[in-house]
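The values are calculated or read from the model by the stated rules, or taken from the named source; none is laboratory data. Only a predicted model underlies this, so the values are computations on that prediction, with no experimental measurement involved. Virtual Cβ from ideal backbone geometry, glycine too; neighbours counted across all protein chains shown. To get the accessible areas, we keep the full protein, side chains included, count just its heavy atoms, and leave off ligands, DNA and RNA. Shrake-Rupley method; radii C 1.70, N 1.55, O 1.52, S 1.80 Å.
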Amino acid sequence: MALPVLIIGRSGSGKTYSLKHFKPDEVGIISVEKGRLPFRSDLKPVRVPTFAGNDEIKSYADLNRAKYAWIENIISRAKTPAVVIDDSQYLLVNELFDRAYEKGYDKYVGMAANFRNLIHFINDLPQDDKIVYFLHHSEADSDGREKCKT
């Protein structure tokens, strides 16, 4: 079973920058949004594709299933002992915008289920030594406590 690890922090707090001294054989990076690193490095992030022009995508649900399946494929095939999903909160944000015109609560249930299913996928991987880091932004709640930005 692989290990999912959540690292949260405010934007600009150094979550991505903390990867600076890793070597390409130590960590793979899936970039949900930026596709670049804020420092010079031999690390090359792989950006989640948009799937524009894919004839198999008939709905926003298909689109988001394709994105998560692509991420799962990259994680399962990674030769490195660690994989980082950089700015993982954008998986939720992008799906929210993809589904902006849907009415009702079901879209939020679907978004949460997709994210949860990714975590379960990681938990079920046969590689005991694989770690998947979710770099996720935080925000203050109404009481001033830090929480995951969703």
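Plugging the Kirkwood radius over Cα pairs into Stokes-Einstein for segment 1-57, at a temperature of 4 °C and a viscosity of 1.567 mPa s, what D comes out in µm²/s? Translational diffusion coefficient: 96 µm²/s. What Kirkwood hydrodynamic radius, in Å, does segment 23-97 give when the mean of 1/r is taken over all pairs of distinct Cα atoms and then inverted? Roughly 13.3 Å, rounded to one decimal. Qualifying trypsin sites (Lys or Arg not before Pro) in segment 1-93, where qualification requires a DSSP coil assignment and no more than 13 other C-beta atoms within 10 Å, comprise R10, K20, K34, R36, R40, K58, K79. Heavy-atom accessible surface of the chain, averaged per residue, reaches 61 Å², computed with a 1.4 Å probe.
Averaging the Cα positions of each part gives two centres, and for segment 71-85 and segment 5-33 these lie 14 Å apart. Normalised size of the chain, defined as Cα radius of gyration per 2.2 N^0.38 Å with N residues, equals 1.06. Multiplying the residue separation of A100 and K79 by 0.36 nm and subtracting their alpha-carbon distance yields 3.9 nm.
Rounded to the nearest 20 debye, the dipole magnitude of segment 90-150 is 160 debye, with +1 charges on Lys and Arg beta carbons, -1 on Asp and Glu beta carbons, and the Cα centre as origin.
Where only DSSP H runs of four or more residues are counted, the chain gives -10000 deg cm²/dmol as its mean residue ellipticity at 222 nm, each run worth -39500 (n - 2.57).
Remark: the chain carries a charge dipole of roughly 380 debye about the Cα centre, counting +1 on each Lys and Arg Cβ and -1 on each Asp and Glu Cβ. Computed on segment 108-149, the Cα convex hull volume stands at 88 Å³ per residue. Amide H contacts of F134: V5, L6, I7, I85, each under 5 Å away and 5 or more positions distant or on a separate chain (H built 1.01 Å from N in the peptide plane; Pro and chain starts excluded). For segment 8-56, the share of accessible area belonging to carbon and sulfur comes to 48 percent (1.4 Å probe, ligands and nucleic acids excluded).
Amide H contacts of E33 (H built 1.01 Å from N, in plane; Pro and chain starts excluded): no residue 5 or more places away or on another chain comes under 5 Å. Fully extending the segment from Q127 to E72, taken as 0.36 nm per residue of separation minus the present Cα-Cα distance, adds 18.5 nm. Taking the accessible area of segment 82-150, probe 1.4 Å, and keeping the other protein chains in place, the carbon and sulfur fraction comes to 54%.
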